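S.K.: Sharing a structure, written as structure tokens. Questions coming.
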Amino acid sequence: MDESDQKQPTAPASRTARLVRFVPALAAALSGVLLYVSFPPRTLWWLALPAFAVFGWVLRGRSWKAGLGLGYLFGLGFLLPLLVWTGVEVGPGPWLALVVIEAVFVALVGAGIATVSKLPGFPLWAAALWIAGEAARARVPFSGFPWGKIAFGQADGVFLPLAAAGGTPVLGFAVVLCGFGLYEAVRLGLEKRRSREVRRSAAVVALLSVAVPVAGAVAARPLVSDKAENGTVTVAAIQGNVPRAGLDFNAQRRAVLDYHARETERLATQVKAGKMPKPDLVLWPENSSDIDPFANEDARAVIDAAAKAIDAPISVGGVVERDGKLYNEQILWDPVKGPTDTYDKRQIQPFGEYLPLRSLIGAINSDWTSMVRQDFSRGTEPGVFTMAGAKVGLVTCYEAAFDWAVRSEVTDGAQLISVPSNNATFDRSEMTYQQLAMSRVRAVEHSRTVTVPVTSGVSAIIMPDGRITQKTGMFVADSLVQKVPLRSSETPATKLGILPEMLLVLVAAGGLGWAIGSGLRNRRAGAAG
């Protein structure tokens, strides 16, 4: 037998070995895609559990460097499809740039999880690290981007009541803990089948990692209620629609205002005919009047006529210039007194409402700066309007993704919440459904009715238990009118605020410190020996 014949049998084995090396990378990316599929508009919330189970398998026993790369692939698999709507009108550049940056946070979490993967109680440390990563993403860069928090994919899930117990961090932690616990249970089960000894403590931890989140969700169920505590109010959410989808709809600002006034007046006609109940208060979307009604008498007259026709106060979404500064503002418009109160959006959207690093971006491509010609200014105070005796908290569009922005309205006295939004720029993408799911989670988190008036859809009315009782289609003019409960009690999540998140960050830091310390001691012991 010659030398070439001796080498031939090893060639297929070598190719197989090379392919096997790619399995963890492929599994990391595909488990990220699986996590994306668990998010709205699909109701497959439970897919988050196997997604994290596979992610746990991929990372266990790896070096932190391998965890960094595998975490990045998981982040790309999750965020690339989740955030594709960010490039609907402006092309793939901003979408890809956003995902590349946001996936770095997931990569760092992957490195941390790989580091703690051999510690006793691995699921606990790993889940806490994930929430720590979400906490960082919600704050930096440019005041953060919390889109894609695990809690926002759980509006239809069994874990949802945990939002009332500890907010989105506790809800997300429970889901991730259960996923990693599922992996540990399967791993230990396989080890036992191979006749390997399984430590009882490890088996208990795996069991508790799955059982405690489920038991916690059941225990938190009494915190969820849609009963009226302060009476009821009949609310109308107006969706006037826009002339056409896309960024250029702002060129037809007067048409957008007229559409919302027209839909309000149509509702008023139905009320007079006895076909619809009379609303106590009316909610218009964000940007329903991009013409400043304080500076333009014609816009003022249109809004005033609509308020008088419906004979109820209206919360109008306007773009207002004051002292040379631009504000995304909600205006409380009384049918008799006119404008009586305002709320300026506090969490404004980078690259949408203001342009960070304007001079640097302009130097790279001057056309990019034209997307945001003038930066919006931030408001500084919570917005709670008194409308027909009800306290209505305003959370404008993008703000619904931020825990602090919603909670501040409730602690300031809001008995129901309105999330006026403008999603016309994003056409028929999944963005509007993802944002609607956020509002459902917020309803349970703070036990408040949440109304979502949107320019082009989907507008909705959400009960304090997270149920959608009415919703519109997309790109149609419509009105939603319903009697809803007013509530003033505070859930544990509202009272605790940031504390559960900070506690989980400390748990993550403790686990990471333990793992790093153990590694250093082991290396020193090996060197000494």
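S.K.: So what is the relative contact order of the stretch 388-433, in percent, for Cα pairs below 8 Å that sit 6 or more residues apart?
M.R.: Numbers: 47 pairs, mean separation 20.2, N = 46.
Relative contact order of the stretch 388-433: 44 percent.
S.K.: Assuming 0.36 nm per residue, please report the length gained on full extension of the stretch Arg18 to Lys227 beyond their Cα-Cα distance.
M.R.: Numbers: separation 209, 0.36 × 209 = 75.24 nm, distance 6.06 nm.
Here the segment from Arg18 to Lys227 would lengthen by 69.2 nm.
S.K.: For the stretch 494-512 and the stretch 94-160, what is the separation of their C-alpha centers, rounded to whole Å?
M.R.: 14 Å
S.K.: Provide the packing ranking of 123-131, 313-321, 182-190, 34-42, i.e. peptides ordered by the mean count of other C-beta atoms within 10 Å per residue, highest first. Walk me through the intermediate numbers first.
M.R.: Details: 123-131: 27.1, 313-321: 23.7, 182-190: 18.0, 34-42: 20.3.
The most tightly packed comes first, giving 123-131, 313-321, 34-42, 182-190.
S.K.: Over the stretch 128-199, how many percent of alpha carbon pairs lie in each 5 Å bin up to the one with the longest distance?
M.R.: All Cα pairs, binned at 5 Å, distribute as 3, 16, 19, 17, 13, 10, 9, 7, 3, 1, 0 percent.
S.K.: Mark the label point 7 Å from the Cα of Phe475 along Cα→Cβ and return the residues of the stretch 408-427 whose backbone N is within less than 18 Å of it.
M.R.: Output list for this probe position: 422-427.
S.K.: So, one more: At 1.4 Å probe size, put Asp465, Asp323, Asp375 in order of accessible surface, largest to smallest.
M.R.: Values: Asp465 35, Asp323 145, Asp375 55 Å².
Largest accessible area first, the list is Asp323, Asp375, Asp465.
S.K.: Just for the chain, what percent of DSSP beta bridges are antiparallel, to the closest 5?
M.R.: On the way: 33 of 48 bridges.
Of the beta bridges lying entirely in the chain, close to 70 percent run antiparallel.
S.K.: Right, next: Past 24 Å, Cα to Cα, is the threshold; run Lys278/Lys391; Lys149/Lys192; Lys149/Lys325; Lys227/Lys495 against it and keep the listed order. Mind showing how you got there, number by number?
M.R.: Working: Lys278/Lys391 19 Å; Lys149/Lys192 35 Å; Lys149/Lys325 32 Å; Lys227/Lys495 20 Å.
Over 24 Å Cα-Cα: Lys149/Lys192; Lys149/Lys325.
S.K.: Per residue, what accessible area does the chain have, given a 1.4 Å probe and all protein chains present, in Å²?
M.R.: On the way: 22280 Å² over 529 residues.
Accessible surface, normalised per residue, equals 42 Å².
S.K.: Give me the percent of the accessible area of the chain that comes from carbon and sulfur atoms, probe 1.4 Å, all protein chains in place.
M.R.: Details: 13280 of 22280 Å².
Reported share for carbon and sulfur atoms: 60 percent.
S.K.: Evaluate the distance, in nm, between pseudo-label points positioned 7 Å from the Cα of Phe294 and of Ala528 along their respective Cα→Cβ axes.
M.R.: 7.0 nm
S.K.: In whole Å, what is the distance between the alpha-carbon centres of the stretch 342-406 and the stretch 277-315?
M.R.: Measuring centre to centre over Cα atoms gives 21 Å.
S.K.: Output the relative contact order of the chain, whole-number percent, from Cα pairs under 8 angstrom with separation of 6+ residues. Don't jump to the answer; show the numbers that get you there.
M.R.: On the way: 1096 pairs, mean separation 87.3, N = 529.
Worked out over the chain, it gives 17 percent.
S.K.: State the antiparallel share, in %, of DSSP beta bridges confined to the stretch 360-455, rounding to the nearest 5.
M.R.: Bridges in the stretch 360-455 are about 35 percent antiparallel.
S.K.: Would you calculate, for the chain, the mean residue ellipticity at 222 nm contributed by helices, counting each DSSP H stretch of 4 or more residues as -39,500 (n - 2.57) and dividing by all residues, to the nearest 500?
M.R.: On the way: 17 runs with 262 residues, N = 529.
Calculated mean residue ellipticity at 222 nm is -16500 deg cm²/dmol.
S.K.: Compute the long axis of helix 48-59 from its Cα atoms, compare it with the longest principal axis of the Cα atoms of the chain, and write down the angle in degrees, 0 to 90, nearest 10.
M.R.: Long axis of 48-59 versus the principal axis of the chain: about 40 degrees.
S.K.: In what sequence, largest accessible area first, do Trp85, Trp95 appear using a 1.4 Å probe?
M.R.: Working: Trp85 10, Trp95 55 Å².
Largest to smallest exposure gives the sequence Trp95, Trp85.
The values are calculated or read from the model by the stated rules, or taken from the named source; none is laboratory data. What you see is a predicted model; the values in this text were computed from it and never measured. All Cβ positions, glycine included, derive from the backbone under ideal geometry; neighbour counts span all protein chains shown. Surface accessibility is based on the protein's heavy atoms, side chains included, excluding ligands, DNA and RNA. Shrake-Rupley method; radii C 1.70, N 1.55, O 1.52, S 1.80 Å.
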